[in-house]
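Everything below concerns the one structure shown next.
Any read-out appearing in this document is the output of simple, stated calculations on the displayed coordinates, not a laboratory observation. Values in this document were obtained by computation on a predicted structure and should not be read as measured data. Glycine gets a Cβ as well: all are built from the backbone with ideal geometry, and neighbour counts include every protein chain shown.
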Amino acid sequence: MRTKAAPITSLPVREEMTTKYSNLTLESHSISMTAMPMKENNKGNQICVDRGIMLQRNVTLERPNMPAEKNITLERPSNVELTCQFTPSGNLNSVNVTWKKGDKLLEDNYLVNATGSILYTQYRVAVINSKQMGSYSCFFGEKKQQRGTFNLKVPEINGKNKPLITYVGDSVVLICKCQDCLPLNWTWYTGNGSVQVPIGVPVNDKYVISGKHANETKLKITQLSEDDQGTYWCHAIFELGESEGHVELVVLSYLVPLKAFCAIAAEVVLLVAIILLFEKYTQKKKKPSDDGKEIEQGEQLKLDDSNGIENSGPRHRKNESVGQ
Amino acid sequence: MAYRAEPPDGGWGWMVVLSAFFQSALVFGVLRSFGVFFVEFVAAFEEPAARVSWIASIGIAVQQFGSPVGSVLSTKFGPRPVVMTGGILAALGMLLASFATSLTHLYLSIGLLSGSGWALTFTPTLACLSRYFSRRRSLATGLALTGVGLSSFAFAPLFQWLLNHYAWRGALLLVSALSLHLVACGALLRPLSLAEDPVVGGPGAQITSLLCHGPFLRYTIAITLINTGYFIPYVHLVAHLRDLGWDPLPAAFLLSVAAISDLVGRVASGWLGDAVPGPVARLLMLWTTLTGVILALYPVAEVPTGLVALTVAYGFTSGALTPVAFSVLPELVGTGKIYCGLGLVQMVESIGGLLGAPLSGYLRDVTGNYTASFVVAGAFLLAGSGVLITLPHFFCVSAPTSKPQDLVTEALDTKVPLPEEGLGED
């Protein structure tokens, strides 16, 4: 099927470029969209104000044009094929198809095709350096413009979300890693506000950069002091650009938990003192009356003993006579 | 010095319940929540998780095997100085651990030192509690043991918060400060002189007489069997649920539900144990049998509702058997020998506890799922409850008043002065 605005066949101009880079891997990604039908449905009464006149009718609020978006992670140069497919509500021929990179309109390198009631458009690009990375969008112009976006990005680096707590004099290892990527190189920076200062430029004992596997990097800092506190940035360098992660480091002095410990220890000593003193106090109150009671008990028990056999049953009777 | 013929059953006893509550929280709550630290240790020392988990295992083993030591010392010196020393040891262990530079360091400080501290606190406290109560013993024990469950809820998030703000060294320092409260709990354990104390003699004599005591030995065997099966669901329930296809969050949530029903079970059983006449061993047998049956039913349940119902029931019955398990002992051996008795039981039952989880894991590795593990756990529990039937007075209608009665009359005749249990007791 033909459409008005787009060329149908593949493009001879760029073909040489594609063959030049044909040894690169091919990545294909696609997005599919359908136009939202403007139908009446009985989902709720809406009050519409039309030119100052209040009308009440059953309408469907047009669903907002949800952007279809796809994130594509690219590590090394490759041929990328982006496909958008669209099911228009009306006539296929009335649909206007365009591609944009960012805000810039793309003139060529794409084709449009249609089977049945579905419209396809495909854009090809050979991504060889960071200039080709970014957002590519396909536009289907119907009554309401539909848009699909492909975000070409370098792999993300994971540092640490929670700050790392360390103490003065300790050493710490900061780790940055990425899932399945193999960067060309890693570099570390320490952040001072918005300024990033590289680490390890004068090679010294304090900072040691290492990494067992290519997908991770470790920065070991020894002899920590409170000046070392702050944010550390790790940069992964790819052919297609740079990606960064960050780790926050907090350096505490030993006094911080020690003060808390001493406070709690003091509280425990206080508790013990209160308990023991309370006991001494209640006993002092008892002592004078106690002596008298004891003698009574002794006599009582002697009496009970003689009746031992009879009293063997109910124990509570004996309890009362012995006293508290 | 007046020797009481009867335990006070109240009064200062409730302060002992409070002390026991906090102690079970500080000993077992800390042990149960220690898993939060493991992740940090694995990262800090770069050791595999299996080696790190030995820290808790050593701690538990020392606590249980060391129980008789705590008992013997308590019999000689009374519970108060022993528990206070235990508290200091436990806190010292944690304090030294905060300076650790290797895993061995942690094994020795937390495992050995804190473990010994815990051995000196838990058993004497529960024994002391049994001496303070007779009619309401089960309820008091049940209430005190709720400390374990509640503290697991509280300590896990607390420890995580401490780790986030102070890293593991600072966090251990503060957990050490927390453990110092064991000393305060120990101070609450006022010595109590009961009438049968002079008769039963010193610790050596007590242990010898206990080892020749038929019912005591049978009880110990029963408790050991129960202990073997008891911990298996706690260790393997989440894994079993994951095997059945549950997500980690609902599985963990179900475990929390079990913990809540465990709490309810403890208190309910404690109250029931006192309200129902007759030997408490019967109730223990009831709860143990029920728990065993529930465990055996686990492999049959596949439907989520069935599993939830079983887990709630398991939580309730397993919680219910704990206070009565402790209450049976004074009825068997009398409150005079309770310290040594409890110490010996703890030591022997720990064998069951240590064997249970690895056995269950081994069965799972051999058979491929947890069916065999749960059934075997249930079998151990049923075997334990079977042995309980052989205890004396099991089929009697009224409460046993056996030994203590005779001991009282003897004691008051002889009036032997006792070396321990200082001055000024109640």
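Check which residues have an amide H placed less than 5 Å from residue A:31's amide H, if you skip close sequence neighbours.
Amide H neighbours of residue A:31, under 5 Å, 5+ apart: A:83, A:84, A:85.
Using label points projected 7 Å from each Cα along Cα→Cβ, tell me how many nm separate residue A:286 and residue A:107, to one decimal.
Here the modelled spin labels are 10.4 nm apart.
Give me the percent relative contact order of chain B, please, defined on Cα pairs under 8 angstrom at least 6 residues apart.
After rounding, I find 25 percent.
Taking the 0 to 90 degree range and rounding to the nearest ten, how far is the long axis of helix B:232-243 tilted relative to the main principal axis of chain B, both from C-alpha atoms?
20
Between residue A:72 and residues 5 or more places away or on another chain, which pairs have amide H atoms under 5 Å apart, with H built 1.01 Å from N, and which residues are they?
It is A:151, A:152, A:153, by chain and number.
Using a 10 angstrom cutoff on alpha carbons, build the Gaussian network for chain B and name the most mobile of B:185, B:212, B:340.
Result for chain B, Cα springs under 10 Å: B:212 fluctuates most.
Working from Cα positions, state the angle (0 to 90°, nearest 10) between the long axis of helix B:137-179 and the longest principal axis of chain B.
50
At 7 Å along Cα-to-Cβ for each site, give me the label-to-label distance between residue B:150 and residue B:244 in nm.
The answer from the label model is 3.1 nm.
Mind pulling the angle between the C-alpha long axis of helix B:67-77 and the longest principal axis of chain B? Nearest 10 degrees, somewhere in 0 to 90.
On a 0 to 90 degree scale, this one is about 30.
Express in nm, to one decimal, how much length is gained between residue A:220 and residue A:144 on full extension, taking 0.36 nm for each residue of separation and deducting their alpha carbon distance.
Here the segment from residue A:220 to residue A:144 would lengthen by 21.8 nm.
Picking from B:186, B:204, B:265, which is most flexible by a Gaussian network model of chain B using Cα springs under 10 Å?
Fluctuation is largest for B:204.
With respect to the cross-link table entries A:104/A:162; A:153/A:218; A:101/A:212; A:153/A:177; A:285/B:337, which display a Cα-Cα separation exceeding 28 Å?
Among A:104/A:162; A:153/A:218; A:101/A:212; A:153/A:177; A:285/B:337, the Cα-Cα distance tops 28 Å for A:104/A:162; A:101/A:212; A:285/B:337.
Under a point-charge model restricted to the Cβ atoms of Lys and Arg (+1) and Asp and Glu (-1), what is the dipole moment magnitude of segment B:196-396 relative to its Cα centre, in debye to the nearest 20?
In debye, rounded to 20, segment B:196-396 gives about 180.
Between residue A:227 and residue A:260, how high is the FRET efficiency from 1/(1 + (r/R0)^6) when r is the Cβ-Cβ distance and R₀ = 25 Å? Nearest 0.05. Provide the component values of the computation, followed by the final result.
Values: r = 24 Å, r/R0 = 0.96.
E between residue A:227 and residue A:260, to the nearest 0.05, is 0.55.
If one computes the Cα centroid of segment B:140-218 and of segment A:133-203, what distance in Å separates the two points?
Computed from Cα coordinates, the inter-centre distance equals 50 Å.
Using θ = phi - 60° and the Karplus relation 6.51 cos²θ - 1.76 cosθ + 1.60, list the HN-Hα couplings for segment B:207-221 in order, rounded to whole Hz, with x at every Gly or Pro.
Each residue of segment B:207-221 in turn: 4, 4, 5, 5, 5, 9, 8, x, x, 4, 5, 5, 4, 4, 4 Hz.
So what are the ³J(HN,Hα) numbers for segment A:265-279, from phi and the Karplus equation (6.51, -1.76, 1.60; θ = phi - 60°), rounded to whole Hz, Gly and Pro as x?
Result, rounded to whole Hz: 4, 4, 4, 5, 4, 4, 4, 4, 4, 4, 4, 5, 5, 4, 5.
Would you grab the residues whose amide H sits under 5 Å from the one on residue A:188? Only those 5+ places off in sequence or on another chain, please, with H modelled 1.01 Å from N.
Under 5 Å from the amide H of residue A:188 lie the amide H atoms of A:199, A:235, each far enough along the sequence or on another chain.
Taking a virtual spin label 7 Å from the Cα of residue A:120 along the C-beta vector, which residues in segment A:80-111 bring their backbone nitrogen under 15 Å of it?
Only A:81-87, A:110-111 fall inside the zone, counting backbone N under 15 Å.
Please find, in a Gaussian network model of chain B (springs between Cα atoms separated by less than 10 Å), the residue of B:40, B:196, B:302 whose mean-square fluctuation is greatest.
Maximum among the listed residues: B:302.
Just to check I understand the Karplus step: with θ = phi - 60° and J = 6.51 cos²θ - 1.76 cosθ + 1.60, what whole-Hz values come out for segment A:161-171, glycine and proline as x?
7, 8, x, 8, 9, 9, 10, 4, x, 6, 10
Given R₀ = 22 Å, FRET efficiency for residue A:69-residue A:242 by Cβ-Cβ distance, to 0.05?
0.45
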